[in-house]
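The values are calculated or read from the model by the stated rules, or taken from the named source; none is laboratory data. Since the model is a prediction, treat every value here as computed from it, not as a measurement. Cβ sites come from the backbone with ideal geometry, for glycine too, and all protein chains shown count toward neighbours. Ligands, DNA and RNA are stripped out before the accessible areas are found, and what is left, the full protein with its side chains, is counted by its heavy atoms. Shrake-Rupley method; radii C 1.70, N 1.55, O 1.52, S 1.80 Å.
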Amino acid sequence: MRQSWSRRNSRLAWVLLIVAGLFEVGFTTCLRYADGFKNLAWSGGFLICAYLSFTLLERAARTIPLGTSYAVWVGIGAVGTVLVGVLTGEETISVVRILLLLGLVACIVGLKLAH
């Protein structure tokens, strides 16, 4: 059975929102290494990732309510940025941080399910 346009459109919007969140992780990571925008490669990565992240967020928010879109986008960015920091050894991880990040992920999933 064929899915309705609105259902496919909604799925696409969620995919775009997730990718926008991943590009947010990209631009925050690039920002960390841009050295006050003196490092051109990292600064360029920041600009590209920021442009793609905001563009995809805007596209997703045409279908998903803006408040939900923004909360999910920020949540993906926050969790992803912490994970990058932990993987690069620039941030520490603890049981409390893991539990709080899992709570944030649960909230993101909850927003998706409540949509």
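Taking into account only those residues within the range 86-111 that are touching a residue at least 24 places away in the same chain (Cβ under 8 Å) and open to solvent by less than 80 Å² (accessible area, probe 1.4 Å), which is nearest to Arg8 (Cα to Cα)?
Leu111
Considering (1) open to solvent by 60 Å² or more (accessible area, probe 1.4 Å); (2) closer than 19 Å to Arg7 by Cα, say which one Thr68 fails and leave the rest.
Failed condition: (1).
For the range 38-61, check the following and say yes or no: at least one residue is under 19 Å from Leu113 (Cα atoms), in a loop (DSSP other than H, G, I, E, B) and at pLDDT 95 or above.
yes
Counting only residues that are free of Cβ contacts under 8 Å to residues at least 40 places away in the same chain and within 14 Å of Ala20 (Cα to Cα), how many does the range 62-73 have?
Selection size over the range 62-73: 2.
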